[in-house]
Amino acid sequence: MLEVAELFPAPQAVDSNLPERVFKYLTQALESIHVPDGAVMLAGSAVDAMLKEKGLVEGSLYKRIDMAVEQNLLTEEMGEWAHSVRLGSNRPRHADTDAPHVTPEEAKQSCEFAKTLGMILFTLPQRIEAGKRVAQKAI
């Protein structure tokens with residue numbers, strides 16, 4: 001019997017501990033990476049859902065990103081990347097007349113940012129808390 005040693009490209013995994021809406025948007029973005037315009041819109045929705053999960057619900061996504069930077073939820077650089085994802089997702093959604101479509105590389109970068117942001121905002125804090133609980137039991 002043959003055994004699969006490795007898949008190319010490697011399947012993209014989304015942390016199942018992400019909030020449900022974030023998980024769904026991010027999963028759909030990664031599953032539709034072959035359709036760049038759709039993938040960037042879904043990645044943008046994942047970013048928006050993450051900020052809303054963190055209590056930033058007022059105003060536009062533009063304002064929520066800036067508020068996340070002001071509240072140190074995002075670094076300045078992360079805020080710039082988030083705005084880049086936001087603008088990329090706006091192009092196909094609003095049928096931008098100059099550049100309505102995104103490239104596969106832009107879609108990949110948008111999805112990568114959304115995955116990274118999910119890790120930073122949700123997965124890493126959960127892992128830290130779990131590690132602290134284990135460390136407390138050892139004392």
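The values are calculated or read from the model by the stated rules, or taken from the named source; none is laboratory data. Values in this document were obtained by computation on a predicted structure and should not be read as measured data. Virtual Cβ from ideal backbone geometry, glycine too; neighbours counted across all protein chains shown.
Which numbered condition in (1) buried (at least 20 other Cβ atoms within 10 Å of the Cβ); (2) within 19 Å of I120 (Cα to Cα) is the only one that P36 fails?
(2)
Here are some residues: S60, S32. Which one is of a type outside the set (K, R) and under 16 Å from the mean Cα position of the chain (by Cα)?
On inspection, the qualifying residue turns out to be S32.
Do you know which residues across region 66-107 are touching a residue at least 60 places away in the same chain (Cβ under 8 Å) and in contact with an Asp or Glu (Cβ under 7 Å, 6 or more places away or on another chain)?
Residues satisfying the conditions are H101, V102.
Does S89 satisfy the condition of being surrounded by 12 or more Cβ atoms within 10 Å (Cβ to Cβ), closer than 18 Å to Q12 by Cα, polar (S, T, N, Q) and out of contact with any His (no Cβ under 9 Å at 6 or more places or on another chain)?
When the stated conditions are applied, S89 does not pass them.
Can you work out which of the residues in region 63-87 that are outside any helix (DSSP H, G or I) and out of contact with any helix residue (DSSP H, G or I) (no Cβ under 9 Å at 6 or more places or on another chain) is nearest to E106 (Cα to Cα)? First the steps, then the outcome.
Pass one, region 63-87, residues outside any helix (DSSP H, G or I): 71-75.
Filter once more, keeping what is out of contact with any helix residue (DSSP H, G or I) (no Cβ under 9 Å at 6 or more places or on another chain): 71-72.
On the way: Q71: 27, N72: 26 Å.
Only one residue fits best here, namely N72.
Condition first: hydrophobic (A, V, I, L, M, F, W, C), exposed (fewer than 10 other Cβ atoms within 10 Å of the Cβ), without any contact (Cβ under 8 Å) to a residue 40 or more places away in the chain and more than 23 Å from S60 (Cβ to Cβ). Can you find one or more residues in region 121-133 that meet it?
No, there is no match, as no residue in region 121-133 is hydrophobic (A, V, I, L, M, F, W, C), exposed (fewer than 10 other Cβ atoms within 10 Å of the Cβ), without any contact (Cβ under 8 Å) to a residue 40 or more places away in the chain and more than 23 Å from S60 (Cβ to Cβ).
Can you tell me which residue in region 81-114 is farthest from M50 (Cα to Cα), limited to those that are of a type in the set (D, E, K, R) and more than 14 Å from the chain's Cα centre (by Cα)? Explain how you work it out, then say what you get.
Residues of region 81-114 that are of a type in the set (D, E, K, R), as a first pass: 86, 91, 93, 96, 98, 105-106, 108, 112.
This time we only want the ones that are more than 14 Å from the chain's Cα centre (by Cα), so: 91, 93, 96, 98, 105.
Numbers: R91: 21, R93: 20, D96: 25, D98: 30, E105: 23 Å.
Among those that are of a type in the set (D, E, K, R) and more than 14 Å from the chain's Cα centre (by Cα), it is D98.
Go through region 88-109 residue by residue and tally those that are part of a helix (DSSP H, G or I) and over 16 Å from Y62 (Cβ atoms). Can you show your working first?
As a first pass, look at region 88-109 and keep what is part of a helix (DSSP H, G or I): 88-93, 104-109.
Now restrict to residues that are over 16 Å from Y62 (Cβ atoms): 92, 104-109.
Total satisfying the criteria: 7.
Among the residues in region 19-31, are any at pLDDT below 95 and of a type in the set (S, T, Y)?
no
Counting only residues that are in contact (Cβ under 8 Å) with a residue 12 or more places away in the chain and part of a loop (DSSP other than H, G, I, E, B), which one in region 1-33 is surrounded by the fewest Cβ atoms within 10 Å (Cβ to Cβ)?
Ranking the qualifying residues of region 1-33, first place goes to N17.
For region 48-62, name all the residues that are buried (at least 16 other Cβ atoms within 10 Å of the Cβ) and outside any loop (DSSP other than H, G, I, E, B).
Of everything in region 48-62, those that are buried (at least 16 other Cβ atoms within 10 Å of the Cβ) and outside any loop (DSSP other than H, G, I, E, B) turn out to be D48, A49, M50, L51, K52, E53, L61.
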